[in-house]
Amino acid sequence: MRVKHAMLPLYARGDRHNLAELRRSMLRQARPGQGTRPAKLYISRSEASNRKLSNERELQAALERLGFTTLLLEHLDVAEQINAFAAATIIVAPHGAGLTNLLFCNEGTSILELRPDYHDNDGYARLSETLALDYHLVRGRSTNGDGWSWAVEVEKILEFVKELGC
């Protein structure tokens with residue numbers, strides 16, 4: 001395998017300059033600003049093979065009543081994902097690879113990561129800190145002991161989102 005050019009963001013080291021350059025480069029390619037984009041996003045994992053949020057339908061419906069738009073990132077191309085995150089003012093999402101798109105958020109974007117109690121990975125918290133995002137974490141609980149299914153307290157999430165101005 002030969003690679004002409006490679007970029008590797010090292011957010012674990014907090015290199016804001018490299019991340020900013022990667023963001024600028026990819027935003028140029030995505031041509032942001034084309035079309036109307038929702039400001040309040042819920043990123044669904046309903047089609048994920050693991051770490052399923054067992055009460056996701058209930059959470060999704062409640063957030064949509066507050067004006068959130070639900071996205072399934074696996075149904076969007078890279079440019080659409082970049083543009084969606086770049087336009088967002090608040091994002092609620094279960095922990096997963098889709099949160100790598102936080103790279104394209106504007107400074108100050110509110111992020112509410114939902115993470116199961118059995119999963120310890122603070123990578124998106126560190127990325128958010130490096131990018132000056134308004135990061136918050138709400139822990140869910142395992143629902144059946146299989147290590148994969150979990151749930152969140154929907155009312156707690158709604159209260160938190162309202163505190164963030166939604």
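Worth pointing out:
- Potential lengthening of the chain between Arg37 and His17 amounts to 4.5 nm, from the contour at 0.36 nm per residue minus the alpha-carbon distance.
- With a simple spin-label model that places each label point 7 Å from the Cα along the Cα-to-Cβ direction, the separation between Ala97 and Leu72 comes to 1.7 nm.
- When each of Cys166, Cys105 is scored by the number of other beta-carbon atoms lying within 10 Å, the sequence from fewest to most is Cys166, Cys105.
- Top positive-direction residue, dipole computed over the chain with Cβ charges, set Gly123, Thr143, Asn18: Asn18
- Whole-number percent relative contact order across the chain, with pairs defined as alpha carbons under 8 Å at least 6 apart: 24 percent
- Computed from the C-alpha gyration tensor, the three semi-axes of the ellipsoid equivalent to the chain are 26, 19, 16 Å, from longest to shortest.
- Region 80-166 - charge dipole about Cα centre, Lys and Arg +1 at Cβ, Asp and Glu -1, debye rounded to 20: 60 debye
Readers should treat all values here as calculations from the given coordinates under stated rules, not as data from a laboratory. Only a predicted model underlies this, so the values are computations on that prediction, with no experimental measurement involved. Counting neighbours? That spans all protein chains shown, and the Cβs are built from the backbone with ideal geometry, glycine included.
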